[in-house]
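Nothing in this text is a laboratory measurement; each read-out follows from the coordinates by a stated rule. Bear in mind the structure is a predicted one, so any value in this text is a computation, not a measurement. Don't worry about glycine lacking a Cβ; one is built from the backbone with ideal geometry, like all the others, and counts go over all protein chains shown.
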Amino acid sequence: MTADRRLTLAIAALALVGLGIAGYLTYVHYSDIEPVCTTGGCAKVQGSQYAELAGVPVALIGLLGYVSILASLAIPVEAGRTATALVALIGFGYSAYLTYLELGVIDAICQWCVGSAVVMTAIAALAVLRLLRVP
Amino acid sequence: MNTGDGKRRLWLLGGVVVVAALVVGVLALASGGDDDGPQGLGGGSSLQGQAEVNRTFAGIPQQGIAVGDPAAPVTVVEFVDLQCPFCAQFARAELPELVRRYVRTGKARLELRVLTFLGEDSLRAGRVAAAAAEQDRGWQFADLFFANQGQENSGYATDEFLREVAEGVDGLDADRALADAQQPAATAQLRRAAAAAETLGVSSTPTFFASRRGGTLEQLQLGELTADAVGAEIDRLGGQ
């Protein structure tokens, strides 16, 4: 198995994990129920003004992001690797911003959001590596 | 990877990073990224927290100063002054969760008693809040005012400011609210709140009272001003 193939599979696996997290939070949002939470702040974060962007749940935007990453992995040329890196870096940047909001503004931590941020950070690192490597 | 190809890929990565940074910047601004706390509107800028306030109360029945199911087993009464910073902090950080967990679920109804002891801005804002309550939108108006609270007694609660807040509340007729704010009914509502505060010995805001349905109001001794703390009291009273 080539290094490029290993990177692609690793990103796909991580994106599936992220998809599960974002899917769960999207379900929670539309079901109007409280997420399972060990950090105590999930409902507060989910109920804050930052849980939606222009009326769209951030969880749904994240879900679409992970779907986009998985779709871009199926494009076997440089444009696909570029798209993966672009979506992942946007996801990484916005996740960092949301984590800052949790710590500095909302004053609550949501384990699912942190989990998604960690997954997106790993995907971004691998996607950049994959873009720079010759397949 | 040869040198030329390597440089090209680095340039490509640089472009991707720049585009990603721009997109993240736009997203952060769109989500209220410059919102660093309660503040006056000033300069014609848009309202803070408008979507969240309307979402918090959407679809929940209101009758005057009360929000929630009239048959709810517990009633919580909150005394506020619209200029009170701790009231604003509670409204911004805790109220959405409290409404979501206890009002939407029919466990409690909330009553808002608006006091106006902090100054002229409190009185001007309180009058409009009372008028908004006549349209069953008092909670949204107060909550949105808190989200945009300005410097105490700086004269920021002008008709223009109050109209902008009123216009930010879904279903509230802002023109009517500002006109009704000067009517005897609004004055009477504020006087009732002040009389209740005096009877109950309220000396600061926010102060919370609660009772089981049909019972006597008791002041909530909250260790911390959080939805969890108020919710625990609701659970206690509701479980009696």
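Given 10 °C and 1.306 mPa s, compute D for chain B with the Stokes-Einstein relation, Rh being the Kirkwood radius over Cα pairs; round to the nearest whole µm²/s.
Result for D is 82 µm²/s.
So for the pair B:Val18, B:Asp69, with labels modelled 7 Å out along Cα→Cβ, what separation do we get in nm?
Rounded to a tenth, the inter-label distance reads 5.8 nm.
Per 5 Å bin, what percent of the C-alpha pairs of the stretch A:5-110 does each bin hold, from zero upward?
Reading upward from the zero bin: 2, 12, 20, 23, 17, 12, 8, 4, 1.
Any idea what the alpha-carbon Rg over 2.2 N^0.38 Å comes to for the stretch B:84-196?
In units of the 2.2 N^0.38 Å rule of thumb, it is 1.02.
Once every DSSP H run of n ≥ 4 in chain A is given -39500 (n - 2.57) and the sum is divided by its residues, what mean residue ellipticity at 222 nm do you get, rounded to the nearest 500 deg cm²/dmol?
On the way: 5 runs with 96 residues, N = 135.
The helix contribution divided over chain A gives -24500 deg cm²/dmol.
Just tell me how shielded B:16-23 is by partners: mean number of partner chain Cβ atoms within 10 Å of each residue's Cβ, no decimals.
If you average over the peptide's residues, the count of other-chain Cβ atoms is 6.
Report the charge-dipole magnitude of the protein assembly as shown in Debye, nearest 20, computed about the Cα centre from +1 at each Lys and Arg Cβ and -1 at each Asp and Glu Cβ.
That gives a dipole near 1520 debye.
Sticking with the crude label model, points 7 Å out along Cα→Cβ, report the distance from A:Ile75 to B:Glu160 in nm, one decimal please.
About 4.8 nm, to one decimal.
Of all the Cα-Cα pairs you can form in the protein assembly as shown, what percent are over 34 Å apart?
For the protein assembly as shown, the share of Cα pairs beyond 34 Å comes to 38 percent.
Once you have the Kirkwood Rh of the stretch B:147-240 from its Cα pairs, apply Stokes-Einstein at 10 °C and 1.306 mPa s and quote D in µm²/s.
For the chosen part, D equals 96 µm²/s.
I'd like the Kirkwood hydrodynamic radius of the stretch A:12-52, using the inverse of the mean 1/r over distinct C-alpha pairs, in Å.
Working: mean 1/r = 0.0909 Å⁻¹.
The Cα-based Kirkwood calculation yields 11.0 Å.
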